[in-house]
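Here's the structure, in structure tokens; my notes come after.
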Protein chains: 2
Amino acid sequence: MTEHATAGGAGGRHRVVIIGSGFGGLFAARNLRKAPVDVTLIASTGHHLFQPLLYQVATGVLSEGEIAPATREILRRQDNATVLLGHVTHIDVERKVVVSRTPVGETTTPYDSLIVAAGAGQSYFGNDQFAEYAPGMKSIDDALELRGRIFGAFEIAEVLEDPAEREQWLTFVVVGAGPTGVEMVGQIAELAGTTLQRDFRRIESTSAKVILLDAAPAVLGPFGDKLSRKAKQQLERLGVDVQLGVKVVGVDSTGVDVIDPDGSPRRITARTKVWAAGVAASPLARLLADQTGAEVDRAGRVKVNPDTSLPGHPEVFAVGDMMTMDKPLPGVAQVAMQQGKYAARTIAARLAGKPELPPFHYRDKGNMATVSRFHAVASVGSKIRLAGFIAWLMWLAVHLVYLIGFKNRVTTLLHWTVTFIGRARSERIATEQQIFARMAIQRERTKSSADAVPVSDSA
Amino acid sequence: MTEHATAGGAGGRHRVVIIGSGFGGLFAARNLRKAPVDVTLIASTGHHLFQPLLYQVATGVLSEGEIAPATREILRRQDNATVLLGHVTHIDVERKVVVSRTPVGETTTPYDSLIVAAGAGQSYFGNDQFAEYAPGMKSIDDALELRGRIFGAFEIAEVLEDPAEREQWLTFVVVGAGPTGVEMVGQIAELAGTTLQRDFRRIESTSAKVILLDAAPAVLGPFGDKLSRKAKQQLERLGVDVQLGVKVVGVDSTGVDVIDPDGSPRRITARTKVWAAGVAASPLARLLADQTGAEVDRAGRVKVNPDTSLPGHPEVFAVGDMMTMDKPLPGVAQVAMQQGKYAARTIAARLAGKPELPPFHYRDKGNMATVSRFHAVASVGSKIRLAGFIAWLMWLAVHLVYLIGFKNRVTTLLHWTVTFIGRARSERIATEQQIFARMAIQRERTKSSADAVPVSDSA
């Protein structure tokens, strides 16, 4: 049996292995399309995920296919690229191989150059037991799970008789006031306040409590004071209860334990929780650091050279959310895209015998986050700070342009039109599995507690 | 604590309970919108399922939201209708109550009139153990499971080294040559033969074997000899191996055991199987029969009176796939729609003191099935038999018109345009859970068999 990449590496061509199908990996692969190399892209999902729109899948606006085109389809015409589905379990920079667990076993892929773009996962700051009760927002699996929980919560509230229990199910807590948390909480508030307003007969969806928690003193801190204030105002206008300076110390099936700014503990009762608080670099960052002597920062990111390569290993690059550089860079898609492209071009230049490229320089194209329908905040350079409709139009344009895979753009625009104008959600499926199986598990656990069989047969 | 329906039944209004959110239940509810009644629709899913298009979700053409709008959203403006999420576990026609298991417990709903439109489920003809290996095509859960299996099979084949194992994963068997089986097998053949043609590097998706099995001697039998022959020809043109008169006697993780027309046993090795062979009426049909003395046919359907009511219980109606009448009716959406409407109008007429309606009469609007892109068969009345592009255009028009929930039509039309013209599939997500967790389970089971770890670390 042969190794995976050698199948494509016939003729002794330079073998580039890319780990990850996110923005970094995909831009690296695309920018190698004309290079005399064989590219193997290894990723644990078959799709490229347009992560900035994941919250729209979780809240029923877009379908999962719209934000996650198949990686193979994107690269189908790039004949020098092979996609391999696998979880990378090890990298050996001395032997120059990547080991991955594919759906059917383990495989080893040798490389001549390696671009690691494994991104970052959710971080619960050492409290991984929170994950079950407060899923993160990092994958399609996460978004579908949250979609089932959010729409399911209203369904469950509708069949409950006890007002206190209903309130538990009609309380939604989002932890983390960065862009993902703000976008998520804004969407849930719109769902409860508008979309679902006429759908139920026994509950008032508008009475739902939607709470945004963050230990930091500001919403969207990195956008600066002015936009931060505006975003908070807009959220409050939507009915979101924004609680800042509040530290989450516990999460369980019925609520969240917090410490208030004055140091006093408090409990928030809420059945549906979303975790958008922290990210931690892929464990591959530490693995690369251990083997190359590179530093690792608090968020687990590996420190790379000015050309995004690892110390002593010019052939190994780390790009995007899993790396850090001397100059601090934001954890946004733009950085990963630009670095993926940079690493690809560096490899191509070397193979062509050209001089090394100048050090990587991040071109900041600005930063934006939607708060609600027709309302976004945008910051471009050090001068432009926009909040409101114009920023929202910018958001719309940028996201449409960047949605990789042209085919999806038109349907996405249409889904958005429907959502923004009609306020409906066309993708609000909670599977039977999600609603009934999950409740059965919860009942099992809370048996003999107040949860058990609240609707009685009194006939 | 109160019973569920009385919450809506204030003022002593006539209480109509409808079981099921399929075509029958939904058409019954909509046709009661002007009647002086309180409607409670009890269903085990929160959505109305446009079942004739389920195969398009399973094969990546449409998103689940497009064929399954929320029942609450459809009925949001109908103030006399309440939707209750629950599995109906019992009906007591003497006490006039329906008992259902909601996500949080059990609830009892009293009625004055009852319309049972619980449809039919997949039947494995007494071999329910087949279900795990060959999922049916009855729910969104089924379609998403099959979508993961179908797209996942190509992914798995791509990482396998052993040609024999690859072939197992590149063989797809659909059992049942009715409309669902034909549509499904046609889509899989198009996927393998066209859509995925350039997506893989190690396998040839076009080499996939796509097999349609049926114990009957014809494809789409009820469409008549001519269309049956044409459909078979068209499937064969797509590369489908149509095997008729073949009886399936076993299904397991690696294949299907069949008995050939000459009585000899044979095994077909195939990892992905779809069951579209038989339907059995909801168990509620038998429950109603037991309580009213009505007959039950071989498919478990309850025999109703000419006005779709049950013997001795003019206030209890059974409509759609779960009932049978003196005159045989096809198991199609049209029957359920017309009967749901008929039962609703019967109730309204009685309340208005008007004479009973004439017996239910089915208006056959014809029958159609798509075989492939641009090719369908349609039979209308006893004369019209169409096969090919014109029939396909009819199919397209009819399905667009009937897709309940206007908002979805435009995006659906667009998705279709993309699919039919571009041949791409925009909804082809297989979740990580589906691919990796499923394979882990299979590995567990087949440990020490030929399946184990076929890709070795030879580096």
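A short reminder: the numbers here are calculations on the coordinates, not readings from a lab. These numbers come from a predicted model, not from an experiment. Here Cβ is always computed from backbone atoms with ideal geometry, including for glycine, and neighbour counts include all displayed protein chains.
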Does anything in region B:235-260 have its amide N under 12 Å from the 7 Å Cα→Cβ label point of B:Thr269, and if so which residues?
B:254-256
Which order do the peptides B:105-116, A:99-110, B:121-132, A:84-95 come out in when sorted by mean C-beta neighbours inside 10 angstrom, highest first?
B:105-116, A:99-110, A:84-95, B:121-132
Looking at chain A, send over the antiparallel percent of its DSSP beta bridges, to the nearest 5.
55
May I ask you to report, in nm to one decimal and beginning with the shortest, the distances from B:Gly126 to the same position in the other copies, taking label points 7 Å along Cα-to-Cβ?
6.3
Please report, for A:Gly12, the nm distances (one decimal) from its label point, 7 Å out from Cα along the beta-carbon direction, to the equivalent points in the remaining copies, shortest first.
9.8
Using every pair of alpha-carbon atoms in the protein assembly as shown, split the distances into 10 Å bins beginning at 0 and state the percent of pairs per bin, rounded to integers.
2, 12, 20, 23, 21, 14, 6, 2, 0, 0
Quick one: in chain A, whose Cβ comes closest to the A/B rotation axis, and how close in angstrom?
A:Ser63, 2
Across 5 Å bins from the origin, how do the percents of Cα pairs in region A:128-275 run, short distances first?
2, 10, 19, 22, 21, 16, 7, 2, 0, 0
Residues of B:193-203, mean number of Cβ from any other protein chain within 10 Å of their own Cβ, rounded to a whole number?
4
Helix-only [θ]222 nm of chain B, DSSP H runs n ≥ 4, -39500 (n - 2.57) each, per residue, nearest 500
-9500 deg cm²/dmol
Which value, in debye to the nearest 20, describes the size of the charge dipole of chain B about its Cα centre when Lys and Arg Cβ atoms bear +1, Asp and Glu Cβ atoms bear -1, and nothing else is charged?
1600
Residue farthest toward the positive end of the dipole of chain B, with Cβ of Lys/Arg at +1 and Asp/Glu at -1: which of B:Thr89, B:Gln434, B:Ala397?
B:Ala397
Rank the residues A:Ile211, B:Ile429 as a footprinting-exposure proxy: fewest other Cβ atoms within 10 Å of their Cβ go first.
A:Ile211, B:Ile429
In debye, nearest 20: dipole of region B:213-289 around its Cα centre with unit charges on the Cβ of K, R (+) and D, E (-)?
220
For B:Gly221, place a label point 7 Å out from Cα along the Cα→Cβ vector, do the same in each other copy, and report the separations in nm, one decimal, smallest first.
7.0
Between the alpha carbon centres of region B:220-268 and region B:72-139 the gap in Å comes to 33
Distant-in-sequence amide H partners of A:Val116 (H built 1.01 Å from N, under 5 Å)
A:Ile19, A:Phe317, A:Ala318, A:Val319
A correct fewest-to-most ranking of A:Val332, B:Val380, A:Val302 by other Cβ atoms within 10 Å would be B:Val380, A:Val332, A:Val302
Partner chain coverage, peptide B:39-46 - average Cβ within 10 angstrom:
3
Coordinate range along principal axes, alpha carbons of region A:269-310, Å, largest first
47, 19, 13
Looking at region B:191-337, I'd like the Rg to Rh ratio, where Rg is from alpha-carbon atoms and Rh is Kirkwood's inverse mean 1/r.
1.11
Options A:Leu220, A:Pro265, A:Phe151, ranked by Cα towards positive dipole end of region A:128-275, top entry (Cβ charges)
A:Leu220
Filtered chymotrypsin sites (Phe, Trp or Tyr not before Pro), region B:338-375: DSSP coil and at most 10 other beta carbons within 10 Å:
none
Over 27 Å (Cα to Cα) among A:Lys96/A:Lys138; B:Lys138/B:Lys341; B:Lys209/B:Lys365; B:Lys209/B:Lys232; B:Lys232/B:Lys273 -> A:Lys96/A:Lys138; B:Lys209/B:Lys365
Pairwise label distance in nanometres, A:Val401 with B:Asp241, each label 7 Å out on the Cα-Cβ vector
5.2
Please report the base-10 log of the normalised intensity I(q)/I(0) for region A:159-212, using a Debye sum with one equal scatterer per alpha carbon and no solvent, at each q in 0.27, 0.30 (1/Å).
-1.03, -1.14
Can you give the FRET efficiency to the nearest 0.05 for A:Gln233 and A:Arg363, using r as the Cβ-Cβ distance and R₀ = 30 Å?
0.45
Work out the FRET efficiency for B:Arg202 and B:Glu94 from their Cβ-Cβ distance, taking R0 = 56 Å, and round it to the nearest 0.05.
0.30
Within 10 Å of each Cβ of B:58-68, how many other protein chain Cβ atoms are there on average?
4
Quick one: order B:Ser21, A:Ser253 by neighbouring beta-carbon count within 10 Å, fewest to most.
A:Ser253, B:Ser21
Size of charge dipole - the protein assembly as shown - debye, nearest 20, with Cβ of Lys, Arg +1 and Asp, Glu -1, no other charges:
2940
Coordinate range along principal axes, alpha carbons of region B:6-165, Å, largest first:
71, 34, 26
proj_area_mean for chain A (convex hull on C-alpha atoms), units nm², value 24.4
